[in-house]
Amino acid sequence: MTPRIRLIRFIMASFAFLLLILAGSGGLQPQSAHADSWIPVSGTGSTWSQNALDQWRKNVAANYGMTINYSGVGSSAGRRDFLQGTVDFAVSEIPFQSKPEDGSAAEVPATGFAYMPIVAGGTSFMYNLKIGGKKVTNLRLGGETVTKIFTGVITNWNDPQIAADNPGLAMPDRAIVPVVRSDGSGSTAQFTLWMSKQYPALWSSFCIAVKRAAGCGLTSQYPTFGGAKAQNGSLGVAGYVGQDYGEGAITYVEYSYALKSGFPVAKVLNAAGYYVEPTASSVAVALLKAQINTTAGSPDYLTQILDGVYNNADNRTYPLSSYSYMIVPTEVAGIFTAAKGATLGAFTNYMLCEGQQQAAALGYSPLPMNLVLAGFDQIKKIPGADVSGVDINSCNNPTFKAGDSPANNQLAVSAPAPADCDKQGPNQCTTGTAGAPADTAVTGTGTGGSASGAVTPAAVVTGSAVATGDAAVYDANGALVSGTSALSGSAVSTPFTVADSGIGPQQLLMLFAALLLIAAIVLPPFVSKRLRRPVDPHS
Amino acid sequence: MSILTQRPPGAGDPLPNPAIDLADFDDPDTPGDGRTTIPDPGTVATGPRRRLRQATLDERFNLVGALIAGVALATALFGWITPMTGSVGWVVVAFLSFLGFYVLLTALRAERQEVADKVMTALMVSAGILLFGALIFVVAYTLVRGREALVNLNFFTQTMELAGPLDPLELGGIVHAIVGTLIQISIALAITIPLGITTAVFLNEVGGRFARFVRTIADAMTALPSIVAGLFVYAAIIQLITHQRSGFAAAMAITVMMLPIVIRASDVVLRLVAGNLREAAYALGSSRWRTVWHVVLPTARSGLVTAVILGTARGIGETSPVLLTSGVTAVMNVNPFSGPMISLPLQVFDFVKSPEPNMVARGFGTAAVLLLLVLTLFAVARVIGGRGPGQLSTRQRRAATSASFDDLKRMSRRSAPAPLPPVTVPDAPVPITPPFTAPPQSRETSP
Amino acid sequence: MVTFTAGTTTVGIMLAVGLFLSIRASDALSVSGFAFLTEQQWSPETQTFGIAAILAGTVSIALIAMCVGVPLSLGTALLISDVAGGRLRGLLVTLVDLMAAVPSVVFGLWGLFFLQGNVIPVAQWISTYFGWIPLFRVADDAGTALTDASAFTSSAFIAGIVVGLMVVPTQTSVMREAFSQAPVGEREAALALGSSRWGMIRTVVIPFGRGGIIGGTMLGLGRALGETIAVYMIISPIFTINGELLKTGTNSVSALIALRYGEASEFGLSALMAAGLVLFIITLVVNFTASSIVARSRSGAETD
């Protein structure tokens, strides 16, 4: 027995020992009674939906003992995994591409599959802008303005088009820094789909400018352009905008990030002429008009048609609303079995009904009734799924109650209408948005207004923007969302001294003073040494 | 050294290997026969011992004075004279002016050589301070950001199975990721250590054209982007064989990434094993394998441990190879061949992506746990394997002494009837310890 | 023979990776041909993609990392092997090893949320006073100097500093190991001849450890070229060659793979493999050069 072998043995032994301890402590957790009746199911896909899936996974594990594994590796990777049969389900914002842009092989799954809507959300625009050192929290943008900002047409905050949207704000002369996602993402896909559908001319000329085919449609990878910065992940883009150096930046990110990092989001103009914040209910109202392609032969069978959503005439609509799909198998093949189907069926049923209760708290929006009904049809196609519990009347979804119909349901009746000051015109609400609830003073030519209607324009509180550090932020349900924000840079930034590039007399004077100071320190010892040397050369 | 002294010569070894002696002589720290003896000073009175290593008052003044002057100048420049801003800029200016003043002060009294010595020492120490400052900063940053998660005991005993993004930190933990990391790195080490060190031995001891080719390939592989290692395993193992992400696949990706690092670092230390040790072993007739096992590897032991540690450090903390191969799960999975098995770095990556502050805190807590885990593993490895050749622990030394003592008794018993033993039985060199005073004698008996 | 089998297995694994990369890359390479090396755009969707800009970014990040890492690790390695003694040395060795294990994602987060904000003033200062050197200039397309903080974010400079700090422990470990093997006889001889400590280091330790210095530097360079997650979190990828190191925007092959893997089609994946292959070949060349230098150095030669 040599020392080396002993070393290896010792390490192995300590590993085994640690494992034993850890396994022992892990085993102490309460196990659900049904734990053995469900088979673990795993899936990959969208990072955008991961937060919701994580919560649902936990809920079904705690309540039913189901094991759902989900890994947010990206929509395309999820679809690829599904194609190759390495996962049971995938989550994606984009359907399978029958004609990929780059001419690679069409994505045609060998086995049957179905698209099921799982969670909705609005593409919100988080920004960091100050007027006279005070944070702006009530920015309003028209759809065309947004498109122009993110295609490099509008490059300064004082652009007349932005000023027209914001009569209450004197827009500063500051370059706009659009921050886009550097990794492929579902948020990019949803945003570019909206731009390509609503502003095809602007989008098409942008496509040409970034050397892509004219009329290119949605893309999951935002092309880099002009003064734009690309950052990876929602954390990266939200983090960039939240820093001191992020002043003047705007990005598209999940509403929850803005909420939790203490930053405002832009209100976007809808077809009814109102600027609306992407809250859970405004997204859900928009999606009441979502349609599903039911042409069985079409390559896009069962995929979303969102034109009605973008142009929904309801004044509570947030136009940039969409939802993500779960791709579920409809036949037993490969690693997917009927037993897994039973688990998957129960999980999806939970997801569409009970799970939507937490969508708003998680920064998403609950699926409205029409989409839940569409999802139910897909559950019935999953082999092995127990469909007895799939019933719209016992579905505990927050947007409708038993007896509602898609045309007349709780959401459509009870969603709050936007304030009058949010209507297009010279009157601009001063109330803050998302994670920055503080009001913004009227600085422009327009008049102010408050969403609550209680504050008159003259009495607007112009105090400093909310400091994200300690201020508690409450979400729509009144639940405490964040005390101390993990993401935030301080909301109150110190003014940044911009170094002057030119070397003028002042700079020369400074340089001279610095040199003089150094000389005053350095010269005496040298001179004294010089002076001393002739006297005593041997010292 | 440690090998032979614990084993009676001749027991299972037809030819006891004496080569280890040389290592002993090489190493000045080893108490042994080669120790310098100080002649008796006789009647000459010795003065107080001069302290060579201590800095003089003058040197200390130079250092402290230069430091204060540097800081003061930087503050003056930043605060009043020029419009420079930023803490990092202040540190840079302060450091540069400190160096300048230090040179100046030293040059007043000393010669060029000494100035160079002082300045280079100051530079080395500042490199060290900067590096360890950065390390401590990163670690402290991790701990501070993760403290909310770390203070809850459940963080170390539960899995995330019953905890979602909206749940408080009092619920859920990362024990599944800790277990996953340990399993994956154990599998990877079980493959990498034998394969890597054997390959390094092949490169050094066998040589030849093929060995040079292997070295070139291994060198090139040290730069293999870790994500490509992940992609390779994804296509070669997951897509072709297992059809699912698993702990084993992740371990394979880590192995592919670690192997060249271990080979290269072991190669460097094996190359530094003095050639005369090898030659002596060969000259005494030992085979190549015995030379490697008893001479080369023990001599390079601490270097080999460093090599393995380097590889482990890289393998245990890298996210990208496991990103594509291990899969993400929130439940405990101790079977590396079935189902996803998450590891700590991937869990960090997964946590910090979440918009929920609690999840981000969990992410930093997980990173801190990873650091602590690595620290523990390294401390264990250093304690066991980090000692240089010939340096024994007290217990080993005692065992060696008693073994040698037994040997001596046996030999003297045997040599009593026959004054000149027919076989040369070189003794194992024995550290001198109080109860045992025989080595010089035994040395004379075997010419 | 066991060792021979081990060597063959190693080569087998390595060649399998290389072969696999080549096969998977061939789809993309057959479409782009030699333009792959000269094209700056990366757009496999439109079949125009090349590695020129990405490679330039990778190399610039790695070189900055080396500028930061090599002096630091050389100084620290000498500090550990020749200046520090006793318990302190053991502590420092453990700390270096520990630092090598700090997960890259932590470095990335630290770089993104702490370092970037603090380094921007330094970058601004450099570009203001050394802007006449083209590498340090930060200007827009028209040539006017930029002073806005947002022009300095997510640059090769910041990514290089973070990667430099990440590779230091690896380099330090290898160098320290080589330095500590410098023969005691020669060290003592140098000191006995009246050399100062630095004189001894310069004439004995460094020449002896040259192989270790080069080996460690190359090991670090390899890691810097291939570093994924930290670079991925910091840089703002662009697809034009950016010679202004302090200016926002750069790129890196491995970060590109990590960024694009999730949303790449089969063809896009093949293009990413081709990028990985080119990086692989470049590091092979660099490392081959390095090992021939090491082979010629005195390191490990017989001395007593």
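Just so you know, all these numbers are worked out from the coordinates, no wet-lab data involved. Since the model is a prediction, treat every value here as computed from it, not as a measurement. Cβ: placed from backbone, ideal geometry, glycine included. Neighbour counts: every protein chain shown.
Here are a few things to note about the model shown:
- Sequence of C:202, B:209, C:223 once ranked by neighbouring C-beta atoms within 10 Å, starting from the fewest: B:209, C:202, C:223
- Divide the volume of the convex hull around the Cα atoms of region C:44-116 by the residue count and you get 137 Å³ per residue.
- For region C:120-159, taking Cα atoms only, Rg and Dmax work out to 9.3, 26 Å respectively.
- Distance histogram in 5 Å bins (all Cα pairs of region A:259-407, percent per bin): 2, 9, 16, 18, 19, 16, 10, 6, 3, 1, 0
- Candidate lysines for bridging to residue A:529, where Cα separation is under 26 Å - those fewer than 8 sequence places away on the same chain excluded: B:118
- Pairwise alpha-carbon distances in region B:157-389 exceed 26 Å for 44% of all pairs.
- Whole-Å semi-axes of the ellipsoid equivalent to region B:93-174 (Cα gyration tensor, √5λ, descending): 52, 11, 7
- Entries of A:260/A:289; A:260/B:353; A:340/A:401; A:229/A:260; A:148/A:267; A:130/A:423 with Cα pairs more than 20 Å apart: A:260/A:289; A:340/A:401; A:229/A:260; A:130/A:423
- Between residue A:225 and residue A:513, residue separation times 0.36 nm minus the direct Cα-Cα distance comes to 99.3 nm.
- For region C:2-296, the equivalent ellipsoid built from the Cα gyration tensor has semi-axes of 37, 27, 16 Å, listed from largest to smallest.
- Within chain C, the whole DSSP H helices whose Cα atoms reach 18 Å or more along their own axis and whose mean Kyte-Doolittle score is at least -0.5 are C:2-32, C:52-78, C:86-100, C:116-129, C:156-180, C:210-226, C:266-296.
- Three semi-axes describe the equivalent ellipsoid of region B:57-145; taken as square roots of 5 times the Cα gyration tensor eigenvalues and ordered largest first, they are 27, 19, 10 Å.
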